[in-house]
Structure formats: structure tokens, C-alpha cells
1. Using the structure shown, list the pairs from Lys96/Lys145; Lys62/Lys206; Lys109/Lys200; Lys53/Lys145; Lys76/Lys213; Lys108/Lys206 with a Cα-Cα distance above 19 Å, or answer none.
2. Relative contact order for the chain using alpha-carbon pairs under 8 Å, separation at least 6, rounded to a whole percent?
3. So what is the relative contact order for the stretch 46-135, in percent, with contacts set as C-alpha pairs under 8 Å and at least six apart?
4. Using a cut-off of 14 Å between beta-carbons, work out the net charge of the residues near Ser168 (Lys and Arg +1, Asp and Glu -1, Ser168 not included).
5. Give me the net charge for the shell around Thr201: Cβ to Cβ below 9 angstrom, other residues only, Lys and Arg +1, Asp and Glu -1.
6. Is the shape of the stretch 3-202 best called rounded, prolate or oblate, per the rule: a/c under 1.5 gives rounded, else a/b larger than b/c gives prolate, else oblate, with a ≥ b ≥ c the square roots of the Cα gyration tensor eigenvalues?
7. With both partners inside the chain, how many of the DSSP beta bridges are antiparallel, as a percent to the nearest 5?
8. Could you work out [θ]222 nm for the chain from helices alone, using -39500 (n - 2.57) per DSSP H run of at least four and dividing by all its residues? Round to the nearest 500 deg cm²/dmol.
Amino acid sequence: MNCFSKFLVLSLFFVSSLNAQNEAYTSESSEQISDTTFVNLRDYSNDFIYDMKYATEDNFLKAKVYDCAECMLRLKTVKALISANNDFLKKGYRIKLYDCYRPLDIQKKMWEIVSNPEYVADPKKGSIHNRGGAVDISLVDITGKEVDMGTSFDFFGIQASHNFKQLSKKILSKRAYLKDTMIKNGFNSFDSEWWHYNLKTGLKDKVANEKWKCD
């Protein structure tokens, strides 16, 4: 593909994202729903890639704990995530999602499988995933290829930490780009997991046990 073709594809991709965002905010304003309401990300944007690991057995638990691969979040988290994704789209990337809101019952199920706070948050305390304010993500490029971040998702070694610097300059650069863009859009990073981001304004929301139907 020549440079002009790449530019044309990227431009169309970006325009599609902006249209999706506008449709989302139009829908939001017409419904007049609260920022803390749980919504499905798919209803607000078509510009994300989904690889919801806990709706499969391809995860560190080796068990499927979600009935369906949906990304539910509080509306304010969705807004911030779309804003971040639009920044990535401008550079030829977009967000790939591994995990979003996690109902408290699912947290309890995970705790039963792996009762170790180093890997799973104790449901007695809950986590920001249970509050609808956390996402586990990576990036894919314009061709859909996942960006190399140095380790796989849910790799619990020191190499997954933002503070681990014994990686190539390219990988460190991509991790920094992911982190800087997410922070710019209202998220905090989690030092030991390059993929985990918390919405700053979501930390005080209550742990929830919202459920959704699978199509």
C-alpha cells in the first residue's frame, strides 16, 4: 500500500470514529441518563476491538466466568474511553479490550478459583473493576495487529510493570504512549500491570453487582 492509500484509509477510519462519537453523545443527551449509569460500550461506539478474556477459558484462571463478551461500564467511563480512543485513532491505533466492569458475583467466583490477592482482588473489599471504572486494554494498529507491549495480558511477572525498563526502546515507547494518552483522558495507570487503567473519578463509586442479558 502506497503512502497516499495509507493516508486515505487512516482518514476514513478517523472520520468513522468521530461519527460514532457524535452518535453516542446524541444518544446520551436524548436519554438524559446519569454518568454513573451502567451502559454497554457497543451502544456508544463501534471503534473498539474486543477480546474479552474472561468470557473464554483463555485466561490465567483457565475458566470462563462471564456469560457473554460485553464491555459494560459506567457512562462516565465510556465517555473517557471514547475520548482516549479518538486520540489513538488520530495516530492509526485503537483500543483492544480485555476486561471492563466485573459484577461482584463474578469477583467472588474468581476468588473461589484463585484465592490470592496478588492475582485477584478480595471480593470483601472489591476492586475498581467492580465499580465500573476500570478497563484492561492494549492497542492494535490500523491493520488490526496487536502492538507489542513486551508481555501478554495478565502476565504477572515484573516484566509487566511500567517500572521495568529492560525492554526494547520500541516497547517502552508504546507503553509510555498508551499510559500518557490514557492519563490525558482522565485515567490512572496501575504500576505493576501495563494494561490496567482506572478512571480517576470512578474510585469513589460503590461496588456493584449489575447484571446484563446476553443476546
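1. Checking Cα-Cα distances, Lys62/Lys206; Lys109/Lys200; Lys76/Lys213 exceed 19 Å.
2. Dividing the mean separation by the residue count of the chain yields 19 percent.
3. Relative contact order of the stretch 46-135: 32 percent.
4. It works out to a net charge of +4.
5. Neighbour charge sum, excluding Thr201 itself: +1.
6. Note, shape of the stretch 3-202 comes out oblate.
7. Taking every DSSP beta bridge with both residues in the chain, the antiparallel ones total about 90 percent.
8. Here the helix-only value at 222 nm equals -11000 deg cm²/dmol.
Read the figures in this text as sums done on the coordinates, not as results from a lab. Predicted, not measured: the structure shown is a model, and the values here were computed from it. Don't worry about glycine lacking a Cβ; one is built from the backbone with ideal geometry, like all the others, and counts go over all protein chains shown.
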